[in-house]
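Asks: Below: one structure in structure tokens.
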Amino acid sequence: GSSWSQKRGRMLVLHPLMARARFGVPSRAAALIALVAMAMTESAAAFSAVGRVSLPLALRGASRSVNTPALTMKVKEPKMSKFDAMRFKFGVPNLSTGGEVNSAMAENQKEAGFDYADFESAVAKFDSSFQVGDTVVGQVVQYEQSGALVDVGGKSSAFLNSAEVSMQRVDDMEQFLSIGDNREFQIIGGEDENGQVKLSIRRLEFARAWERVRQIQAEDCTITAEILSINRGGALVNFEGLRGFLPGSHAPAGLTDDVVGTIVPLKFLEVDQARNRLVVSNRRAVVETRLTNLEP
């Protein structure tokens, strides 16, 4: 009994297929018994290969190593800004990431009489610091698909979106801007990773239009404006890009669609920039004009 079991175990260890053929042991069972028997022997040696790691398995006081593929992690490199990409393109090392000056770069810098660090130091003295809301002077240098590039003295050309070109509707930007134009712009977006800021002409015009309206109201002057449309309560008028409301009780007699597009004299009744509210009166403008004409 016991000797036969030992003999059978040794045969299974030596060759599980032989055990299956001779003793009728199923192949899976024979392989399992062989693995357990090998684990119980202290003479089994661990092994490892290049690119693999050994994992010790503690089985009944014995140790064994199993080959497992080594794990590798891909580290995503940070995306270079447009400014750094240009530096790299023209052979300028990115010292912050461990770049070095090669012999060709050193030779070029020697011929030029200064290195890139000197150049950056010189540029930094004239580098402008832009804040949202600032008014700057710039030159239109290039048309883009959805706007224009403007040189305002920064690292990169600033961007003017077509929606910010004017208070009026812009179908063709070239009717409002020409390459080489020098004018004022308002900064509406801070520098991005490429040092580019966003500009607006429309917001400058908007602020100046309200300033002019307040001044006219304070002086109680008469203005002229175009009637844009008619509604139930009166009409909408346009004055220097601002839309004002003309109540029906203060509108000219016979206020119909026929008067759309006509120019009428007006006086301001209410000016409230915070609420974007502008109310005007034609009746008051007409009455004051008549009284003025009656004076000797």
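The values are calculated or read from the model by the stated rules, or taken from the named source; none is laboratory data. All of these numbers come straight from a predicted model, not from anything done at the bench. A quick note on method: Cβ atoms are made from the backbone with ideal geometry, for glycine too, and the neighbour counts reach across all protein chains shown. Each accessible area value is taken on the protein alone, full model and side chains, heavy atoms only, with ligands, DNA and RNA left out. Shrake-Rupley method; radii C 1.70, N 1.55, O 1.52, S 1.80 Å.
Asks: Of all the residues that make up region 187-201, how many are among the aliphatic types (A, V, I, L, M), open to solvent by less than 30 Å² (accessible area, probe 1.4 Å) and under 19 Å from the mean Cα position of the chain (by Cα)?
Replies: Restricting attention to region 187-201, the residues satisfying the condition of being among the aliphatic types (A, V, I, L, M) are 187-188, 197, 199, 201.
Cutting the leftovers down to open to solvent by less than 30 Å² (accessible area, probe 1.4 Å) gives us 187, 197, 199, 201.
With the extra rule that they be under 19 Å from the mean Cα position of the chain (by Cα), the set shrinks to 187, 197, 199.
Residues meeting the conditions: 3.
Here's the yes/no breakdown for (1) in a loop (DSSP other than H, G, I, E, B); (2) without any contact (Cβ under 8 Å) to a residue 12 or more places away in the chain; (3) β-branched (Val, Ile, Thr); (4) within 25 Å of residue 241 (Cα to Cα):
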site: 132; (1), (2), (3), (4): yes, no, yes, yes
site: 139; (1), (2), (3), (4): no, no, no, yes
site: 156; (1), (2), (3), (4): yes, no, no, no
site: 160; (1), (2), (3), (4): no, no, no, yes
site: 170; (1), (2), (3), (4): yes, yes, yes, yes
site: 178; (1), (2), (3), (4): yes, no, no, yes
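Asks: Have a look at 184, 174 and point out the one that is open to solvent by 40 Å² or more (accessible area, probe 1.4 Å) and in contact with a Phe, Trp or Tyr (Cβ under 8 Å, 6 or more places away or on another chain).
Replies: On the way: 184 fails: in contact with a Phe, Trp or Tyr (Cβ under 8 Å, 6 or more places away or on another chain).
Being open to solvent by 40 Å² or more (accessible area, probe 1.4 Å) and in contact with a Phe, Trp or Tyr (Cβ under 8 Å, 6 or more places away or on another chain) holds for just one of 184, 174, which is 174.
Asks: Please go through region 231-274 and pick out each residue that is open to solvent by less than 50 Å² (accessible area, probe 1.4 Å) and among the β-branched types (Val, Ile, Thr).
Replies: Passing the criteria: 237, 259, 264, 271.
Asks: Kindly evaluate residue 241 against the criterion of being without any contact (Cβ under 8 Å) to a residue 40 or more places away in the chain and on the phi > 0 side of the Ramachandran plot. Show your work before the answer.
Replies: On the way: without any contact (Cβ under 8 Å) to a residue 40 or more places away in the chain: no; on the phi > 0 side of the Ramachandran plot: yes.
Here the answer is no, as residue 241 does not meet what is asked.
Asks: Pick out the one residue from 209, 225 that is buried (at least 18 other Cβ atoms within 10 Å of the Cβ) and closer than 20 Å to residue 267 by Cβ.
Replies: The conditions single out 225.
Asks: Right, here's the next one. Please go through region 192-233 and pick out each residue that is touching a residue at least 60 places away in the same chain (Cβ under 8 Å), within 18 Å of residue 167 (Cα to Cα) and outside any strand (DSSP E or B).
Replies: The answer is 204, 210, 213.
Asks: How many of the residues in region 257-284 are within 44 Å of the chain's Cα centre (by Cα) and assigned to a helix (DSSP H, G or I)?
Replies: 0
Asks: Could you grab the pairs with beta carbons closer than 6 Å, sequence gap of 6+ or different chains, first residue in region 266-288 and of a type in the set (Gly, Ala, Ser), second one part of a strand (DSSP E or B) and surrounded by 13 or more Cβ atoms within 10 Å (Cβ to Cβ)?
Replies: From residues that are of a type in the set (Gly, Ala, Ser), the pairs are 281/267; 281/269; 285/265; 285/266; 285/267.
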